[in-house]
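For reference, the structure is listed below as structure tokens.
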Amino acid sequence: MSILVTRPHPDNEATAKNLRARGHVVLLAPVLKFEPVAFHDESEAGYSAIIVTSANAIRAVAPLLPDLGLLRLPLFAVGEHTAAAARDTGFTEVIVAGGDAAALRDKVVQSARDKVLKKKSTLLYLAGADLSRDLGGELGAQGFSVVTQTTYRMAPVTILPRDVCEGFAAHGIEAVLHYSRRSARAFLDAARDEGVEISALAIPQCCLSETVASVLRDAGASQVLVAATPDENALFDALERALRTRLA
């Protein structure tokens, strides 16, 4: 029996390694594909800090960062995974939030209260093409000036790997891990196109957040589990709960 990971490459490889270390057999079906977007910063604003909600945003512009002089700025990362990508790229002052965009917003606001940032600072938001919430607008309402630069997009992958389709058909997949609303929707679309949607939704769907989970529930999944906190270790805990329930 296998665990299906829908996370995009390259992060899915790290997830698979961690799952195998826990004794699981893993199948990979990255349902979104990372595509960098040309970065042109025409703003003349002097940035006080950078905010990032995905490691992909950093990967997309990593080669440009030294020449742009951005590595010297403090960077607010949505969670530890994104923070690690920022440090690997060369950022030395990385502030880590609690794992989602709301926590990142609150961390930035608190930093201004603590005088780490000046009030009404100009922030550079390195973002994806599809935003789940208006983080720039929310910080703007708090008095910040936010310049949003799209650095990447995640394109849906419409075909599931053959071994995954065969796994669903043979009831050989125990659970599916979901990391974002967009990837959950892309997974559902691909499963429907491949004719395995009923089998796919009949097993536990383990989701990084309630926002992700709602997509699966709306599609008819009855076994939807949500990580206690928006991080991978908590998602793995939800997976273990799901597997124990199936064995009970």
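The relative contact order of segment 1-121 comes to 18 percent, based on Cα pairs under 8 Å that sit 6 or more residues apart. Net charge dipole, segment 136-248: roughly 140 debye, given to the nearest 20, about the Cα centre with Cβ charges of +1 for Lys and Arg and -1 for Asp and Glu. Centroid-to-centroid, using Cα positions, segment 56-76 and segment 157-171 are 38 Å apart.
Taking the DSSP beta bridges with both ends in the chain, the antiparallel portion is around 15 percent. Between 0 and 90 degrees, the angle of helix 80-89 with respect to the longest Cα principal axis of the chain falls at about 60 degrees.
Across the chain, Cα pairs under 8 Å and at least six residues apart give a relative contact order of 19 percent. The H on the amide N of LEU75, modeled in the peptide plane, is under 5 Å from the matching H of ILE50, GLU93, VAL94, ILE95, each at least 5 residues off or on a different chain. Relative to the 2.2 N^0.38 Å rule of thumb, the chain has a C-alpha radius of gyration ratio of 1.07.
Can you tally the net charge around LEU177? Count Lys and Arg as +1, Asp and Glu as -1, for every other residue whose Cβ sits under 10 Å from the Cβ of LEU177.
That sum, taken over residues with Cβ under 10 Å, equals 0.
Between the C-alpha center of segment 92-119 and that of segment 1-34 there is a gap of 31 Å. Counting protein heavy atoms only, segment 72-220 has 47 percent of its accessible area on carbon and sulfur, 1.4 angstrom probe. Between THR92, LEU71, GLY46, the Cα set farthest toward the positive side of the dipole of segment 41-117 (charges on each charged residue's Cβ, about the Cα centre) is that of THR92.
Rounded to the nearest 20 debye, the dipole size of segment 73-194 about its Cα centre is 760 debye, using +1 on the Cβ of Lys and Arg and -1 on the Cβ of Asp and Glu. Here the mean projected area of the convex hull built on the C-alpha positions of segment 160-248 is 5.3 nm². Which of SER209, SER43, SER199 moves the most in a Gaussian network model of the chain with Cα springs under 10 Å? Looking only at SER209, SER43, SER199, the largest GNM fluctuation is found for SER43.
Once Rg and the Kirkwood radius are both taken over the C-alpha atoms of segment 83-188, their ratio Rg/Rh works out to 1.11. Remark on GLN223: its backbone amide H falls under 5 Å from those of GLN205, a criterion applied only to residues 5 or more positions apart or on other chains, H modelled at 1.01 Å from N.
With charges only on Cβ, +1 for K and R and -1 for D and E, what is the dipole size of segment 97-140 about its Cα centre, in debye, rounded to 20? The calculation lands at about 380 debye. Of all lysines in the structure, those lying under 27 Å Cα to Cα from LYS120, and not within fewer than 8 positions of it along the same chain, are LYS107.
The values are calculated or read from the model by the stated rules, or taken from the named source; none is laboratory data. Everything numeric in this text was worked out from a predicted model, so none of it was measured. A quick note on method: Cβ atoms are made from the backbone with ideal geometry, for glycine too, and the neighbour counts reach across all protein chains shown. These area figures cover heavy atoms from the full protein model, side chains too; ligands, DNA and RNA do not enter into them. Shrake-Rupley method; radii C 1.70, N 1.55, O 1.52, S 1.80 Å.
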